[in-house]
Amino acid sequence: MLQICCFLCRGVGIMSKEKRRDTKGGKSKHLNGLTKKHVTDVGKGLFVGFCGPPKPKKVRFCEVGRDEFDQKTAILFSNQEPQDADYSISNNPSLDYQVESLIFARLPRWEHWKLCLLNKRNLNLVRSGEIFKIRREIKSAEPSVCMLASGESSWWMFDGGFESRRKLPVVPSDVCFHSGDKESVCAGTQLLVSGREIDGIVIWRYELAINKWFKGPSMRNPRCLFASTTCGNYAFVAGGIGASANSRVYDTAEMYNPETGSWETLPRMKRRRKLCSGCFMDDRFYVVGGRNELGELTCGEYFDQVKNQWILIPDMLKDDPVLTCHSPPLIAVANNELYSIEASSNQLKLYLKKSNTWKPLGLVPVRADCNRGWGVAFKSLGNELVVIGGALSTSSMVASGSYGGGDCMAIYSCRPDPEACEQTWKAIDSGRYKLSHFIMNCSIMFA
């Protein structure tokens, strides 16, 4: 992991072995004789050198971890006194802003707050969101789990390994919004939360770069109980129902672009559906299950971008037992394979695309059956599946209906093996996070 320490750490000088001179107090080493800025490859990293006077007063340094680079590098000199935490460099070139931004973008995202303490330019790099654009371009974006647990007034954001967390500001909405049902989806560095306020359905938008909530933008057809998913920098929603008491179930779909802050209408689905689930697989937006005015839906469908139309998949959930008042299907995609948790049995299943059937892969270590699937978060983090809810400590507790983790949430992950009959689940949190086991909302953000 790349580690960069500037001003905040103890300086370690990297001095030239060719230029040395004696002083009264001993020997002093310094770089001298550089006539132009140069960048040289050193192993896996870069050495960035700059011209400077023979007697530098101040030293800025940058230490790079051995896992990315082989040497400590980049020494800057200045004849000026520090000004507002910045060294003013007179007649000396500073580290190229683009190179510096590329280096900082490789920092773990949970260390970005330190950059804001260095100077105004780095503060703007973070708060403008530019650092997150760079991270996407160099494929350094990291997953974060955005979660709202029962009894909490604020959302929590966890890093992908659940080693760190931060509490987000409270959504500045009314009591109707906070106490009602909500849906959530991430788009780039934005978390979108849809719910009902006294005046109707609204969307609150959390901006990661500045750590604040903003209202809007509203969908073209405001809705609740809809399917949603994320692909790249975009969010997709489909189905649901409007705010009015006599609203029909929707067959409409929309795509959100965080760069423009606008929603784009997609073609209508083949079926009206609410309480459905969405995912992206094979570069297609899938909508699975749900119900409409006629009852439960066992079909699914996906949006074909080439044909610009929806393709129906009959009997996609035909083998799932129908439960009254059950949650939307618990689905997640890992390694471009679709997995689901059967709420009635806690069974993990793999979708076989060619035969349109499901293969059982053993039990999951949480109680999805306790509340008919409600309160369980089932997501993918790269090639891993993550399930969050109330834990089972032993197989005997499946029959007894007892929790192994008490009232606190349990987090498990696994790398699914489609050929195995049982999966190896790893407990992640070890009881560190004392949040309710009933998860209201959960979304994954890559930034």
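The values are calculated or read from the model by the stated rules, or taken from the named source; none is laboratory data. Note that the structure is predicted; figures quoted are calculated from it, not measured. Counting neighbours? That spans all protein chains shown, and the Cβs are built from the backbone with ideal geometry, glycine included.
Might you check whether a residue that is of a type outside the set (V, I, T), within 18 Å of V288 (Cβ to Cβ), buried (at least 21 other Cβ atoms within 10 Å of the Cβ) and modelled with pLDDT of 90 or more occurs anywhere in segment 387-399?
no
The rows are residues; the columns are (1) assigned by TED's automatic domain parsing to the domain that holds I411; (2) surrounded by 13 or more Cβ atoms within 10 Å (Cβ to Cβ); (3) hydrophobic (A, V, I, L, M, F, W, C); (4) touching a Phe, Trp or Tyr at 6+ places or on another chain (Cβ under 9 Å).
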{"residue": "F132", "(1), (2), (3), (4)": "no, yes, yes, no"}
{"residue": "W155", "(1), (2), (3), (4)": "yes, yes, yes, yes"}
{"residue": "G161", "(1), (2), (3), (4)": "yes, no, no, no"}
{"residue": "R165", "(1), (2), (3), (4)": "yes, yes, no, yes"}
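Every residue in segment 415-431 that is farther than 20 Å from Y351 by Cβ and either among the β-branched types (V, I, T) or in contact (Cβ under 8 Å) with a residue 12 or more places away in the chain (or both), please. Explain how you work it out, then say what you get.
From segment 415-431, those farther than 20 Å from Y351 by Cβ are 424, 426-431; that's our starting set.
Those that are farther than 20 Å from Y351 by Cβ and either among the β-branched types (V, I, T) or in contact (Cβ under 8 Å) with a residue 12 or more places away in the chain (or both): T424, K426, A427, I428, D429, G431.
Out of the residues in segment 224-236 that are more than 21 Å from S173 (Cα to Cα) and part of a strand (DSSP E or B), which is nearest to the chain's Cα centre (by Cα)?
T230
Just to be sure before I move on: is F280 surrounded by 14 or more Cβ atoms within 10 Å (Cβ to Cβ) and over 25 Å from D181 (Cα atoms) in the structure I sent? Let's see the steps before the verdict.
Details: surrounded by 14 or more Cβ atoms within 10 Å (Cβ to Cβ): yes; over 25 Å from D181 (Cα atoms): no.
When the stated conditions are applied, F280 does not pass them.
Which condition from (1) touching a strand residue (DSSP E or B) at 6+ places or on another chain (Cβ under 8 Å); (2) modelled with pLDDT of 95 or more; (3) surrounded by 13 or more Cβ atoms within 10 Å (Cβ to Cβ) is the one that W374 breaks?
(1)
How many residues does segment 106-130 hold that are under 15 Å from the mean Cα position of the chain (by Cα) and either basic (K, R) or assigned to a helix (DSSP H, G or I) (or both)?
Number satisfying all stated conditions: 2.
Of the residues N246, N221, only one is more than 17 Å from the chain's Cα centre (by Cα), in the same structural domain as G278 (by TED's automatic domain parsing) and free of Cβ contacts under 8 Å to residues at least 12 places away in the same chain; which? So that I can check it myself, show each step before the final result.
Working: N221 fails: free of Cβ contacts under 8 Å to residues at least 12 places away in the same chain.
Sole residue among the options that is more than 17 Å from the chain's Cα centre (by Cα), in the same structural domain as G278 (by TED's automatic domain parsing) and free of Cβ contacts under 8 Å to residues at least 12 places away in the same chain: N246.
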